[in-house]
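Reading through the structure tokens given below for one structure.
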Amino acid sequence: MERGELLTSLKDIVGEENVLSSEMDLALYGYDASLERGKPDVVVLPGSTEDVSKVVKLAYRAKIPVIGRGSGTNLSGGTVPVKGGIVVHFSHMNRIIEIDIPNRTVTVEPGVITLDLQNTILKKGLQYAPDPASQKVSTLGGNFGENSGGPHCLKYGVTTNHVLGAEVVLFDGTVVWLGGKSPDQASYDITGLLVGSEGTLAIATKIMLKIIPTPEAVKTMLAIYDSIEDAGNTVSAIIAEGIVPATLEMMDNLVLKAVEDSVHAGYPMDAAAVLIIELDGMADGMERQAGKILEICKRHRVRDVRLAKSDAERAELWAGRKGAFGAVARLRPSYLVCDGTVPRTKLPEVLGKVIQIAKKYDLPIGNVFHAGDGNLHPLILFDERNKEELARVHKAATEILQICADVGGTISGEHGIGTEKLKEMSFIFSESDMHFMRDIKSAFDPVGIWNPGKVIPQRQAANA
């Protein structure tokens, strides 16, 4: 299909004002929060499921790629249009459609901002638990596509644990509803397959989410350590004791300094590491549980444990943690986030190896991560304009992910594969495994229009 014909057809579907095609627009929608870059052929802003269906039908007939997009905060190139195509941007589909308190569900369009939903639900005495650090700007459609987590995923799980159903548009524009308010569905769990598929199988146009009561009590502590190994061992010991906090977050000294300069959250600038430990639930028994955690911290040589005495102090601690990625911009112009997951007992070992990799490649690496579930986020800091340094960054990132795989972990906890980790898929999957995944992709996407070039590497060439 010629470009002029494509633009005319799309304008007929969504209106001229909702089709973006200038060079500036195409550049703005050609990247996300990763290091990857691309360029779409056109950007459309649909206002309804019907619009999305018509756009996809057009793309299917013309065999043009379709890339769903929210705020573009994803960190692995998942929404970068590496093969051109139509970017479907959901900023106009941002309604909270239904809040069903008796059934504890909420149904939203994909363009709803995560924090906007959380604040709306909170006013009704309920909460939507997943809380990615990007919640101020990330959309629920993006959370669905990436299977986003956040600090509270230790206790409450990631996005897939809270998705009950979805309205989705299939490769030919067909619209179907999957799942629903009943907790048990008498069919394949296709919803579970789609969550985290990074838009490579279908696009969700409505999402039904589980909401839960807000906890009766919350207790937030800052544990300060002079050794990152002691902090890591504390994490394993807390979980081994049978205690499951709402959060167990860790930051090392490099990140602490950047965050404190930026947010002024009251973090100690001379500490090797800190843990943010939060308990929530029933008030009865919380002091006893907090006491056990304090004992464990002391056994692992904690320097000090500070308790947030008010909601304001708690908010300050969390502002520092959730502002960590932005704060490191004070140190270097660019960063790459390695999102690997390891068994909790391997945290001290892996963190030690990350430090060695930083020295090997002469790169500053800060650590801020969901320690409770072993989800590491080493931040490799650099200047993207320095090509030699950028090459070292990619080598260091690959080695970190190899270490995660070697100790029984995996190459992504919540940031996805996108384009950034395609070659690292071989660290955890055999060629037979990936052939099976390609078969699933083909079943959902027989003409290859859904977000091509993502998640699954191309088939290896046969030996001559």
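Throughout, read-outs are computed from the coordinates displayed, never taken from laboratory work. Computed from a prediction, not measured in an experiment: that's the story for all the values here. Virtual Cβ from ideal backbone geometry, glycine too; neighbours counted across all protein chains shown.
With 28 Å as the limit, the listed pairs K39/K395; K83/K353; K298/K346; K63/K454; K155/K322 have K83/K353 beyond it between alpha carbons.
The H on the amide N of W450, modeled in the peptide plane, is under 5 Å from the matching H of V66, each at least 5 residues off or on a different chain.
Once each part is reduced to its C-alpha centroid, what is the distance from region 129-208 to region 297-366 in angstrom? Result: 28 Å between the Cα centres. The longest part of the chain holding none of the exposed loop GluC sites (Glu not before Pro), meaning those outside H, G, I, E and B in DSSP with at most 12 other Cβ atoms within 10 Å, is 217-464. By the compact-protein rule of thumb, 2.2 N^0.38 Å, the alpha-carbon radius of gyration of region 3-89 corresponds to a ratio of 1.01. Legend: P(r) of the chain from all alpha carbon pair distances, 10 Å bins from 0, whole percents, reading 4, 20, 29, 26, 15, 4, 1. As a length-normalised measure over Cα pairs under 8 Å and 6 or more apart, the relative contact order of region 332-406 settles at 43 percent. Comparing L140, I99, H370 along the charge dipole axis of the chain, the residue lying farthest to the positive side is H370, per the Cβ-charge model.
Can you give the FRET efficiency for I243 and Q402, using 1/(1 + (r/R0)^6), R0 = 22 Å, r = Cβ-Cβ distance, to the nearest 0.05?
Numbers: r = 32 Å, r/R0 = 1.45.
So, using R0 = 22 Å, E works out to roughly 0.10.
Computed per residue of the chain from DSSP H runs no shorter than four, each worth -39500 (n - 2.57), the mean residue ellipticity at 222 nm is -10500 deg cm²/dmol. Computed over region 94-171, the P(r) curve from all C-alpha pair distances, binned at 10 Å from the origin, holds 19, 57, 23, 2 percent per bin. Counted over region 3-89, the DSSP beta bridges are approximately 25% antiparallel. Taking a ≥ b ≥ c as the square roots of the Cα gyration tensor eigenvalues, with a/c under 1.5 meaning rounded and otherwise prolate when a/b beats b/c, else oblate, which class fits region 217-321? Oblate is the answer for region 217-321, as a/c is 1.5 or above yet b/c matches or exceeds a/b. Taking label positions 7 Å along the Cα-Cβ direction at both R95 and E260, the computed distance is 4.9 nm, reported to one decimal.
Starting from 0.36 nm per residue, how many nanometres of slack lie between K136 and L390 once their C-alpha separation is accounted for?
Working: separation 254, 0.36 × 254 = 91.44 nm, distance 2.93 nm.
Result: 88.5 nm gained on full extension.
Modelled spin labels at I355 and D116, positioned 7 Å past Cα toward Cβ, are 4.5 nm from each other. The length gained on full extension between M437 and D226, counted as 0.36 nm times the residue separation minus their Cα-Cα distance, comes to 71.5 nm.
For the pair Q289 and D362 in one chain, pulling the backbone fully straight at 0.36 nm per residue adds 22.0 nm over the alpha carbon distance.
Contact order for region 249-330, expressed relative to its length and based on alpha carbon pairs under 8 Å spaced 6+ residues apart, stands at 46 percent. Once backbone amide H atoms are built at 1.01 Å from N, G165 has G180, M208 as its partners under 5 Å, excluding neighbours fewer than 5 places away on the same chain.
For the chain, the relative contact order is 16 percent, taking Cα pairs closer than 8 Å that sit 6 or more residues apart in sequence and dividing their mean separation by the residue count. Taking 17 Å as the cut-off, the amide N atoms of region 159-196 that come nearer than this to a point 7 Å along the Cα-to-beta-carbon line of K57 belong to 168-177.
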